1. Going by the conditions given, is THR104 hydroxyl-bearing (Ser, Thr, Tyr) and surrounded by 14 or more Cβ atoms within 10 Å (Cβ to Cβ)?
2. Which of the residues spanning the range 124-144 are within 21 Å of GLU6 (Cβ to Cβ) and either surrounded by 12 or more Cβ atoms within 10 Å (Cβ to Cβ) or in contact with a helix residue (DSSP H, G or I) (Cβ under 7 Å, 6 or more places away or on another chain) (or both)?
3. If I ask for residues that are modelled with pLDDT of 90 or more and either over 12 Å from LYS91 (Cα atoms) or among the hydrophobic types (A, V, I, L, M, F, W, C) (or both), which ones from the range 129-157 would you list?
4. When the residues of the range 8-49 are filtered to those that are of a type in the set (Val, Ile, Thr) and part of a helix (DSSP H, G or I), which remaining residue is modelled with the lowest pLDDT?
5. Quick check on this structure: which one of LYS149, LYS121 is surrounded by fewer than 18 Cβ atoms within 10 Å (Cβ to Cβ), more than 25 Å from GLU6 (Cα to Cα) and out of contact with any Lys or Arg (no Cβ under 9 Å at 6 or more places or on another chain)?
6. Take the conditions surrounded by 18 or more Cβ atoms within 10 Å (Cβ to Cβ) and either under 22 Å from GLN152 (Cα atoms) or outside the structural domain of ILE142 (by TED's automatic domain parsing) (or both) and apply them to LEU84. Does it pass?
Amino acid sequence: MLSEQETKQIKEQFFKQLENLPEEQRELIKAEIQAMTPEQLEEFLKKNNMMQSQGENQNPFRMIAEGKLPSYKIAETEQALAVLEINPVSKGHTIIIQKVPAKTISENIKKFAEQIGELLKHKLKCEKTEVSEAEILGEKIINIIPLYKNQQILDKREKASEEDLKKIQEEILAISIEEKQEPTKPKKPRKIPLKRLPKAPVRMP
């Protein structure tokens with residue numbers, strides 16, 4: 001049976017998918033999903049083929065990695081993808097999800113996380129980023145949390161709106177004017193023609 005945490009996360013991901021529906025229809029479906037017990041939600045997932053063939057819960061990380069749930073992706077490699085956290089500690093809070101679930105994280109993915117941390121510092125102008133591993137729903141992910149002035153990593157999480165997440169995604173992915181400009185090639189030193197000096201007059205004895 002789904003745990004309370006799994007139930008909450010799956011419901012939140014479903015709510016994200018309803019944003020484009022008409023308001024009346026959206027609120028009706030949202031109310032139905034919100035009222036579901038863990039047992040009812042699990043039955044709903046099974047009926048809609050959202051459970052793994054082994055009968056295990058298809059958690060939100062797997063659904064995002066497989067493209068079954070929408071996400072705000074900012075980077076991707078063959079092994080992992082970086083998406084914005086929907087319940088962030090701070091602006092730009094990003095999670096690294098492995099494409100193949102595992103309880104360990106490879107050095108390549110750790111290096112990818114470091115690169116994302118540098119990207120966030122460059123784009124969002126935060127003071128620093130905190131990179132930490134976490135095990136959730138039986139698999140390892142990486143949290144990359146930008147920290148701004150007087151902000152602590154233990155600050156309360158708040159659900160971000162779709163509009164805010166989209167703006168942050170655009171801000172991170174935008175190419176600045178400086179990045180568009182090609183580096184200027186150093187100019188070759190100008191050759192200055194040498195003037196011939198007049199010959200010295202012939203000395204008379």
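1. Values: hydroxyl-bearing (Ser, Thr, Tyr): yes; surrounded by 14 or more Cβ atoms within 10 Å (Cβ to Cβ): no.
For THR104, the condition - hydroxyl-bearing (Ser, Thr, Tyr) and surrounded by 14 or more Cβ atoms within 10 Å (Cβ to Cβ) - is not met.
2. Within the range 124-144, GLU133, ILE136, LEU137, GLY138, GLU139, LYS140, ILE141, ILE142, ASN143 qualify.
3. Within the range 129-157, the first condition is being modelled with pLDDT of 90 or more, and the residues that meet it are 129-133, 140-148.
Within the range 129-157, GLU130, VAL131, SER132, GLU133, LYS140, ILE141, ILE142, ASN143, ILE144, ILE145, LEU147 qualify.
4. To start, the set of residues in the range 8-49 that are of a type in the set (Val, Ile, Thr) comprises 10, 29, 33, 37.
Now drop any that are not part of a helix (DSSP H, G or I), which leaves 10, 29, 33.
Values: ILE10: 78, ILE29: 72, ILE33: 79.
The qualifying residue modelled with the lowest pLDDT is ILE29.
5. On the way: LYS121 fails: out of contact with any Lys or Arg (no Cβ under 9 Å at 6 or more places or on another chain).
Exactly one residue qualifies, and that residue is LYS149.
6. On the way: surrounded by 18 or more Cβ atoms within 10 Å (Cβ to Cβ): yes; either under 22 Å from GLN152 (Cα atoms) or outside the structural domain of ILE142 (by TED's automatic domain parsing) (or both): yes.
So LEU84 passes the test.
The values are calculated or read from the model by the stated rules, or taken from the named source; none is laboratory data. Just so you know, these numbers come straight off a predicted model, no measurement behind them. Here the Cβ is made from the backbone with ideal geometry for all residues, glycine too, and neighbour counts use every protein chain on show.
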